[in-house]
Structures are given as structure tokens and as C-alpha cells.
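Asker: Pasting in a structure now, in C-alpha cells, and then I'll have a few things to ask.
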Amino acid sequence: MYKAPYYKADGKKGRARKLPETLFDGVVNDSVMHQVVTVYLANQRQGTASAKTRGEVEGGNSKPWKQKGTGRARAGSTRSPLWPGGGIVFPPQPHSWRQQIPKKVRTLARRSALNDRAQNEKVVIADMPKAEKPKTKELVGFLQTVGAAGKVLLLTDGKNEQIYLSSRNVPSISVLPFGEESVYDVLWAETVVIERSALERGEGAAAEESSDE
């Protein structure tokens, strides 16, 4: 069973806490994580790249010069791909890059990513400080106090508007409700900070799912 350091809302360090086995079972499946991340990146593509074929460009209805006697190469249309302004051979066309992946595979990949961070001691449990209004400086200071270095993924108990607004102008901090993070989000982060109440709620939900199965 993995353990993670625990910090209170005031930044004081508490006793290290065990990570729930229902969420952190120790399995790290690299191939599944790679598959899910590949699908995730493919789904981010807009698929709006477009170019015209020789049948779509304007002009070129008449032969630019006669077939013989000019000393120049034969040409039948200025819409040829060989001409400036002509059509493109096999041009990109707008289409969807979207792929689908089974829910169980996504779940396994998410757990594998969390287990990978736990194995490398990159998971921190903390109580989020309560703020009446967004304060970026206070949030950054809190993360430094709890030892969250590098890129930080902050997983909150539900949507926390103040925490989100405090972090949105810091590129190295990403805030998401616990359970809505993707495998890419977890692997992007060097440190994963999980709100204690969110972890407890996620443990209960995972236990219910396992009992239903």
C-alpha cells in the first residue's frame, strides 16, 4: 500500500496517510496508458486543414498555349499541380480524427497513471485553504509549502471556483475536480496534489463500483 504526505490547510505537515487500495492498487500498465494518451491527443485535433484540388481552383479552362512549336513544355491547363496557383495533389480535407476507447480501458489507464505517480512519491494529500476571493500568490505559496514542485495537477473535491481562478494565469498549475482528470493530465504533472475530502469521496465511489461488479 502506498503512502503520501499530508498537509493541513494552513500548510502544516500532518501524519502521512495511506492511499486507498481501491484507487491505488499498484498496477501500472504502460501500454494501456500509451493507447489512451494517443487517443486523447487524436481527439484534440480539429481536423479543419483544407486545400483545393485541381478541380476546385479557379481558371485554367483554356489551353495556355498551343501544343507544338513554342519550344516550351506541353501544358493543358494552369490548374495543374505543376503551376503556381494550381491544385494540390491529394490535399488535406476536413474530417474528424475522433476515436473511441472502452470505459474500462480508460479506468485502467487512469489508475495506472495515478499508481505511477504514487510509486515515484509524487502524490500529496492536502486540505485546500479556503479563500473568499482568488489569490494567486497565496495558492502558489501553499503549493511551495507542501512541496509541490514543477508542473502541478491539483485535484479538488468538486469544482472549486476560487482555486481555479487563482491558478488560471499560472501555466504550471492545472486544477480539476477529482475524477475528471484524464491520463494525459496526470502524466503531464510532476506532482499530483489531491484534496483529502475528494480522495475519501473517490474511495467510497470506487468501493461501491467494485461491490456492484
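Bear in mind these aren't lab numbers, they're just calculated from the coordinates by the rules spelled out. Note that the coordinates shown come from a computational prediction; the quantities given were computed from them, not determined experimentally. Glycine also receives a Cβ, built like all others from the backbone with ideal geometry; neighbour counts cover every protein chain displayed.
Asker: Taking 45 Å as R0, compute the FRET efficiency from the Cβ-Cβ separation of Glu203 and Gln46 and round it to 0.05.
Answerer: After rounding to 0.05, the efficiency reads 0.75.
Asker: What size of dipole, in debye to the nearest 20, comes out for the chain about its Cα centre when the only charges are +1 on Lys and Arg C-beta atoms and -1 on Asp and Glu C-beta atoms?
Answerer: Computed about the Cα centre, the dipole is about 1540 debye.
Asker: Calculate how steeply helix 196-212 sits against the longest principal axis of the alpha-carbon atoms of the chain, using the helix alpha-carbon long axis, and give the answer as 0 to 90 degrees to the nearest 10.
Answerer: 80
Asker: Project the alpha carbons of the chain onto their principal axes and report the range along each, largest first, in whole Å.
Answerer: 93, 44, 26
Asker: Using 17 Å as the cut-off for backbone N distance, which residues of the stretch 79-118 belong to the label zone defined by a point 7 Å from the Cα of Lys151 along Cα→Cβ?
Answerer: 110, 113-118
Asker: Is any residue of the stretch 147-166 close enough, with backbone N under 20 Å, to a label point placed 7 angstrom from the Cα of Thr136 along the Cα-Cβ axis, and if so, which?
Answerer: Output list for this probe position: 148-155, 160-166.
Asker: Long-range amide H contacts for Ile173: which residues qualify at under 5 Å (H placed 1.01 Å from N, peptide plane, sequence gap of 5 or more or a different chain)?
Answerer: Excluding prolines and chain starts, which carry no amide H, the hits are Val152.
Asker: Treating the angle as unsigned and between 0 and 90°, give the value, to the nearest 10°, between the Cα long axis of helix 136-145 and the longest Cα principal axis of the chain.
Answerer: Approximately 60 degrees, to the nearest ten.
Asker: Which of the aspartates and glutamates could a cross-linker span from Lys104 if the Cα-Cα distance has to be under 13 Å and same-chain partners fewer than 8 positions apart are dropped?
Answerer: Qualifying aspartates and glutamates at Cα under 13 Å: Glu209, Glu213.
Asker: Under a point-charge model restricted to the Cβ atoms of Lys and Arg (+1) and Asp and Glu (-1), what is the dipole moment magnitude of the stretch 83-162 relative to its Cα centre, in debye to the nearest 20?
Answerer: So the magnitude is around 280 debye.
Asker: For helix 103-119, report the angle its Cα long axis makes with the longest principal axis of the Cα atoms of the chain; keep it between 0 and 90° and round to the nearest 10°.
Answerer: 60
Asker: On a C-alpha basis, how far is the centre of the stretch 1-76 from the centre of the stretch 158-185 in Å? Whole number, if you could?
Answerer: 21
Asker: For Lys122, go through the lysines and keep the ones whose alpha-carbon is under 24 Å away, minus same-chain ones fewer than eight residues off.
Answerer: Result set, ordered by chain and number: Lys3, Lys8, Lys12, Lys13, Lys18, Lys130, Lys137, Lys151, Lys159.
Asker: As I understand it, the dipole of the stretch 1-140 uses +1 on the Cβ of Lys and Arg and -1 on the Cβ of Asp and Glu, about the Cα centre. Which of Asn120, Pro81, Met33 lies farthest toward its positive end?
Answerer: Pro81
Asker: Taking every pair of distinct Cα atoms and averaging 1/r, then inverting, what Kirkwood hydrodynamic radius in Å comes out for the stretch 48-96?
Answerer: For the stretch 48-96, inverting the mean 1/r across all distinct Cα pairs yields 12.0 Å.
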